[in-house]
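Student: Handing you a structure now.
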Amino acid sequence: MRIISLFPAATEIVAALGAADSLVGVSHDSDYPSELLEGIPRVTHATIDPNAAPAEIDRLVRVADTLGDALHVMDADAIAELEPDVILTQGVCDVCAIREGDVRIIAESLWNPPIVLSLSADSLDEMLNDIRRVGSVIERSPLAEALVKRLEDRMYTVHERLVNAAVPRPRVAVIEWTDPIYNSGHWVPQMVRRAGGIEVMAKAGDRSRVVTMREVVAAKPDTVIIAPCGYGVERAAAEGKAQLERPDWSDLARLRVWAMDSGGLLSRPGPRLADGVETLAQIFHPMVFPRPPRSRAVALSPG
């Protein structure tokens, strides 16, 4: 079977199901597990610079949205040459990955149109169901069920330890973008709850939205997680430190503030969301869980 994955979470699901050797093409930002993706053609590219400052990225996204321009573009000729049997895409976020409609247009134009599976999870349960759906399409359903069971068991283990410890839930604000400030969205508030916290700025299933610093402060969080969408932990930490030096962020500097690997642990609806729940629990409850590794989260302010 020849599989093309057009967004990182799908790539991670395929790899977790032991089918990385069936990937014939992946998106430009598919980077995990890196050792299994070497040499696989990249069939997409971004139309804006992902290394630009947060405010500039936000401006470019808004301009593209106004003009109806795509933020991610496929190499249609390369996809045709790869002759995929299955194309995995998404329908959650046009900012984060290729637009589903664009994928279907290209797929239908191929000589032998492939199966197009669009994943659109906005909760942990739907992410687990997407693993099952991918497993079914690539003929690895038993492995998918086993993977889902392992992920559920890991998250339930976090729950059990919290119940046994009878610890209070901290009030948490996850900041998904810094300039302008966005709250968390989709599955992240649910992850916070699974990790023993209360997300005070967002509700599970809702999309992230622009909020003011006044709103963040008024929500009275005990712990703030700075995790700009798609950033690794080092970049998130650098951005968090820079923002905390601003006068309008001074109220947050007095709280417990952590930077977290969003790209790996929060923003991709794939298997590593279980790692994200475990990492959040380690941040929220240091008396119950070990300190998270620096590859996942970094403390910016002890509070």
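All of the numbers you see were taken from the coordinates with simple rules; none came from a lab. Note that the coordinates shown come from a computational prediction; the quantities given were computed from them, not determined experimentally. Every residue, glycine as well, gets a Cβ built from its backbone with ideal geometry; the counts of neighbours run over all protein chains shown.
Student: For the Cα atoms of the chain, what angle does the longest principal axis make with the long axis of helix 141-165, in degrees from 0 to 90, nearest 10?
Tutor: Taking the Cα atoms of the chain, the angle to 141-165 is about 0 degrees.
Student: What lysines sit close enough to Lys241 to cross-link, taking a C-alpha to C-alpha distance under 25 Å and skipping anything fewer than 8 places away on the same chain?
Tutor: Lys220
Student: On to the next question. Report the local net charge at Ser120: Lys and Arg +1, Asp and Glu -1, summed over other residues whose C-beta lies under 11 Å from its C-beta.
Tutor: Numbers: positive: Arg133; negative: Glu100, Asp122, Glu126, Asp130.
In short, -3.
Student: Residues with amide H under 5 Å of Tyr182's amide H, sequence separation 5 or more or different chain, H placed in the peptide plane at 1.01 Å from N; which?
Tutor: It is Glu176, Trp177, Val211, by chain and number.
Student: Kindly give Rg over Rh for region 3-145, based on alpha-carbon atoms, with the Kirkwood expression for the hydrodynamic radius.
Tutor: Values: Rg = 15.1 Å, Rh = 15.6 Å.
Taking Rg over the Kirkwood Rh, I get 0.97.
Student: Still on this structure, I have one more. Arrange the following residues from fewest to most other Cβ atoms within 10 Å of their Cβ: Ile13, Ile98. Could you put the intermediate results ahead of the total?
Tutor: Numbers: Ile13 26, Ile98 22.
Fewest-to-most ranking of Ile13, Ile98: Ile98, Ile13.
Student: In degrees from 0 to 90, rounded to the nearest 10, what is the angle of the helix 54-67 Cα long axis to the longest principal axis of the chain?
Tutor: 50
Student: Any idea what the dipole of region 169-302 comes to, in debye rounded to 20, about its Cα centre with Lys/Arg Cβ at +1 and Asp/Glu Cβ at -1?
Tutor: 300
Student: Same structure again: What is region 169-302 by shape, rounded, prolate or oblate, if you read a ≥ b ≥ c off the alpha carbon gyration tensor as root eigenvalues and call it rounded for a/c under 1.5, prolate for a/b larger than b/c, and oblate otherwise?
Tutor: Values: a/c = 1.29, a/b = 1.19, b/c = 1.09.
Since a/c stays below 1.5, the shape of region 169-302 is classed as rounded.
Student: Now, a different point. With the Cα gyration tensor of the chain in hand, convert its eigenvalues to equivalent ellipsoid semi-axes via √(5λ) and list them largest first in whole Å. Before the final figure, lay out each step's value.
Tutor: Working: eigenvalues 223, 111, 45 Å².
Equivalent ellipsoid of the chain: 33, 24, 15 Å, largest first.
Student: Rank the residues Asp21, Asp29 as a footprinting-exposure proxy: fewest other Cβ atoms within 10 Å of their Cβ go first. If you can, show how the numbers build up before the last one.
Tutor: Details: Asp21 11, Asp29 20.
By the 10 Å Cβ count, ascending, the order reads Asp21, Asp29.
Student: Per the helix-only calculation at 222 nm, which mean residue ellipticity applies to the chain, given -39500 (n - 2.57) for every DSSP H run of n ≥ 4 and division by its residues, nearest 500 deg cm²/dmol?
Tutor: Working: 13 runs with 128 residues, N = 303.
So the helix-based figure for the chain works out to -12500 deg cm²/dmol.
Student: Any idea what angle helix 233-244 forms with the longest principal axis of the chain, computed on alpha-carbon atoms, 0 to 90 degrees, nearest 10?
Tutor: Orientation of helix 233-244: about 40 degrees from the principal axis.
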